[in-house]
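The values are calculated or read from the model by the stated rules, or taken from the named source; none is laboratory data. Being a predicted model, the structure only gives us computed values, none of them experimental. Backbone-built Cβ (ideal geometry, glycine too); neighbour counts: all protein chains shown.
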Amino acid sequence: MPDKVDKTKSPRKSARLHHELLVGYRTVSGFITDWAVNISRGGIFINTPKPLPVGNTVSLNIALPDNAFPFVLTGKVVRVTEAGSNSGETAGMAVEFIDVDEEKLARIEGFVEKLRKELPEMPRSRK
């Protein structure tokens, strides 16, 4: 699946990059690895058939392709799309980064901006 950049206007705080990225996170039942389908300075959307409930705090292990080692971030689940919902959206959970130091946020933002410049613009949907 090719990476896509959504450059349409959005009420989001940060530009969001549609890019598959491996992410690990810890739950009550253990450590899980899933694919994030987009990332921004403010958060990440994880594609998972079993999202955590809204309000849960989660420890994320994110490996950016341009960094030698993964780093750990803390996030809070702010939105969930259940598998099989009629919305047509990807099943998963939106996680907002919390209590993250500026260095890690700058690394994420740098990764997002670098790929935004390198990837073709995502076509806008017709209404």
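Going by what's in this entry, would L115 be described as surrounded by 15 or more Cβ atoms within 10 Å (Cβ to Cβ), of a type in the set (A, V, I, L, M) and more than 21 Å from G30 (Cα to Cα)? Show your work before the answer.
Working: surrounded by 15 or more Cβ atoms within 10 Å (Cβ to Cβ): yes; of a type in the set (A, V, I, L, M): yes; more than 21 Å from G30 (Cα to Cα): yes.
Yes; evaluated as a whole, the condition is true for this residue.
Only one of (1) at pLDDT 75 or above; (2) assigned to a loop (DSSP other than H, G, I, E, B) fails for K76. Which number is that?
K76 satisfies all of (1) at pLDDT 75 or above; (2) assigned to a loop (DSSP other than H, G, I, E, B) except (2).
Among the residues of region 49-69, what is the count of those that are surrounded by 13 or more Cβ atoms within 10 Å (Cβ to Cβ), without any contact (Cβ under 8 Å) to a residue 40 or more places away in the chain and under 17 Å from A106 (Cα atoms)?
Summing the residues that are surrounded by 13 or more Cβ atoms within 10 Å (Cβ to Cβ), without any contact (Cβ under 8 Å) to a residue 40 or more places away in the chain and under 17 Å from A106 (Cα atoms) in region 49-69 gives 2.
Can you tell me which of (1) loosely packed, with under 14 Cβ neighbours inside 10 Å; (2) closer than 19 Å to G24 by Cβ is the one G84 doesn't meet?
Among (1) loosely packed, with under 14 Cβ neighbours inside 10 Å; (2) closer than 19 Å to G24 by Cβ, the lone unmet condition for G84 is (2).
Contact list please: Cβ distance under 8 Å, first residue in region 28-48 and more than 20 Å from L115 (Cβ to Cβ), second residue hydroxyl-bearing (S, T, Y) and surrounded by fewer than 17 Cβ atoms within 10 Å (Cβ to Cβ), pairs at least six apart or on different chains.
none
Determine which single condition R41 fails, assuming it passes every other condition in (1) buried (at least 19 other Cβ atoms within 10 Å of the Cβ); (2) assigned to a strand (DSSP E or B).
(2)
Can you run down the residue pairs with Cβ atoms below 9 Å, 6 or more apart or on separate chains, where the first is in region 89-110 and over 17 Å from V54 (Cα atoms) and the partner is exposed (fewer than 15 other Cβ atoms within 10 Å of the Cβ)?
Between residues of region 89-110 that are over 17 Å from V54 (Cα atoms) and residues that are exposed (fewer than 15 other Cβ atoms within 10 Å of the Cβ), the close pairs are D99/T74; V100/T74; K104/V72; R107/D66; R107/N67; G110/D66.
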